[in-house]
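Let me begin by presenting the structure, written as structure tokens, before commenting on it.
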Amino acid sequence: RNTDYCIKPPGPTTYPFLTLLSPNPYAFNPTAVQVCIEISNALFDKDSVSLVINQETTSPEVGDSSVCIDSVFESTSHESTNTLEFTALDSTGTYSLSLSREIYAGDDPKTVHLFDEQGNDFLSQTTIEARISGD
């Protein structure tokens, strides 16, 4: 469970809060990724749940305490992101909950230019694997 990107008040709380279980908003994600949001300290009012991805309304699977959908994000670059907007009420109608995130995603191969220790082009055939921090 990735609670590091959880919208939660500091300290102990009995108020409802949301956790984005996936995708990771702090990493580069695959374009085909499940979006899952969990509520703590309450249950969802299932009729109030709204999940909009890139300005398109989705039809997620809504459980008592989680909302999930298999999603296909658009490939992004450092200049663009996918937008995720979530709103819901708790089952008592007391709390209005929302979560908004910008998500980087992509499956495109990237070209990497290699240099040797002297700064010259590295021309020997080689295979490399590059990972974004957090992968």
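The values are calculated or read from the model by the stated rules, or taken from the named source; none is laboratory data. This is a predicted model, so every value here is computed, not measured. Counting neighbours? That spans all protein chains shown, and the Cβs are built from the backbone with ideal geometry, glycine included. Areas reflect the complete protein model, heavy atoms only, side chains present, ligands, DNA and RNA absent. Shrake-Rupley method; radii C 1.70, N 1.55, O 1.52, S 1.80 Å.
Taken together, 129, 117 contain a single residue that is in a loop (DSSP other than H, G, I, E, B), more than 30 Å from residue 50 (Cα to Cα), open to solvent by 100 Å² or more (accessible area, probe 1.4 Å) and modelled with pLDDT of 80 or more, which is 117.
Report yes if some residue within the range 96-108 is at pLDDT below 95, closer than 18 Å to residue 15 by Cβ and either of a type in the set (D, E, K, R) or surrounded by fewer than 15 Cβ atoms within 10 Å (Cβ to Cβ) (or both); otherwise report no. Yes, the range 96-108 contains a residue that is at pLDDT below 95, closer than 18 Å to residue 15 by Cβ and either of a type in the set (D, E, K, R) or surrounded by fewer than 15 Cβ atoms within 10 Å (Cβ to Cβ) (or both).
When the range 99-116 is limited to residues that are in contact with a Phe, Trp or Tyr (Cβ under 8 Å, 6 or more places away or on another chain) and without any contact (Cβ under 8 Å) to a residue 24 or more places away in the chain, the one that is farthest from residue 17 (Cα to Cα) turns out to be 116.
Taking strands (runs of 3 or more DSSP E) as the structural unit, those lying wholly within the range 12-91 and holding at least 2 residues that are open to solvent by 40 Å² or more (accessible area, probe 1.4 Å) correspond to 32-40, 66-72, 82-89.
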